[in-house]
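Peer 1: Mind having a look at this structure? Questions to follow.
The values are calculated or read from the model by the stated rules, or taken from the named source; none is laboratory data. In this text, all values refer to a predicted model and were calculated from it rather than measured experimentally. Cβ sites come from the backbone with ideal geometry, for glycine too, and all protein chains shown count toward neighbours.
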Amino acid sequence: MNGSIENFNGWFEEKFWAKEAFTNLEDMRAKSTHFVGQYNDLSAWKKRNKSLEQINPARILNNSLKIPLEKLPLTKGKIHFIRMVDNASKISVLNEAFKVGNEFISEYVWATICMKKQTLEVFYRAKDHDTAVLIKDFEYELSEEVKPLKGDTHKS
C-alpha cells in the first residue's frame with residue numbers, strides 16, 4: 001500500500017496542492033474533496049480501459065471520504081516536512097516560502113510546525129554529524145484555535 005499512497009501523494013502535490021490557492025481551511029477541504037472525486041474517476045477509467053495495461057491502475061479511494069470540520073480540530077501536535085533548499089535559499093512549506101540561508105542551498109532540511117508554540121523550526125544535519133541542529137525559527141501564526149491533544153492520541 002505504501003507505493004499507492006506515495007503515488008497518490010505525488011499526484012496530490014503536483015496536480016492539486018501546487019496549483020490551487022486557498023482562502024481558508026474549509027476552502028482547502030472542499031477543493032480537496034473535489035480532487036479526490038476526479039482522482040477516483042480517472043482510476044476507474046484506467047481499470048475499464050484494458051488497453052492501458054502499461055499503466056498500473058491506481059487504487060480507488062473510499063467514496064465515503066469526508067473531512068468533517070467539527071471532527072478534525074487543529075491540535076497541539078507537530079507536523080514534519082523534509083524539504084530541499086532552493087537556489088534562492090528558501091524552502092516551501094504549505095505553499096509558503098521561508099528563507100533558511102545561502103549555505104544550505106541544494107541541501108535537505110527538516111521543517112517542523114509546532115502547533116502549540118505556533119512556530120516553524122528548521123533543522124539541518126550535516127553529513128559528518130549525528131544530530132540535527134536548529135538553523136532557523138519562524139513565527140507561524142494559525143488562524144484557527146489549537147486544541148489540546150486527547151489523552152489517547154499521543155505518547156505520555
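Peer 1: Please state which one of Ser92, Ser106 is part of a strand (DSSP E or B), free of Cβ contacts under 8 Å to residues at least 24 places away in the same chain and either closer than 27 Å to Lys19 by Cβ or assigned by TED's automatic domain parsing to the domain that holds Phe22 (or both).
Peer 2: Among Ser92, Ser106, only Ser92 is part of a strand (DSSP E or B), free of Cβ contacts under 8 Å to residues at least 24 places away in the same chain and either closer than 27 Å to Lys19 by Cβ or assigned by TED's automatic domain parsing to the domain that holds Phe22 (or both).
Peer 1: Which of the residues spanning region 115-142 are among the hydroxyl-bearing types (Ser, Thr, Tyr) and assigned to a strand (DSSP E or B)?
Peer 2: Thr119, Tyr124
Peer 1: Separate question: Can you tell me which residue within region 109-136, out of those that are touching a residue at least 24 places away in the same chain (Cβ under 8 Å) and aliphatic (A, V, I, L, M), is surrounded by the most Cβ atoms within 10 Å (Cβ to Cβ)?
Peer 2: It comes out as Val122.
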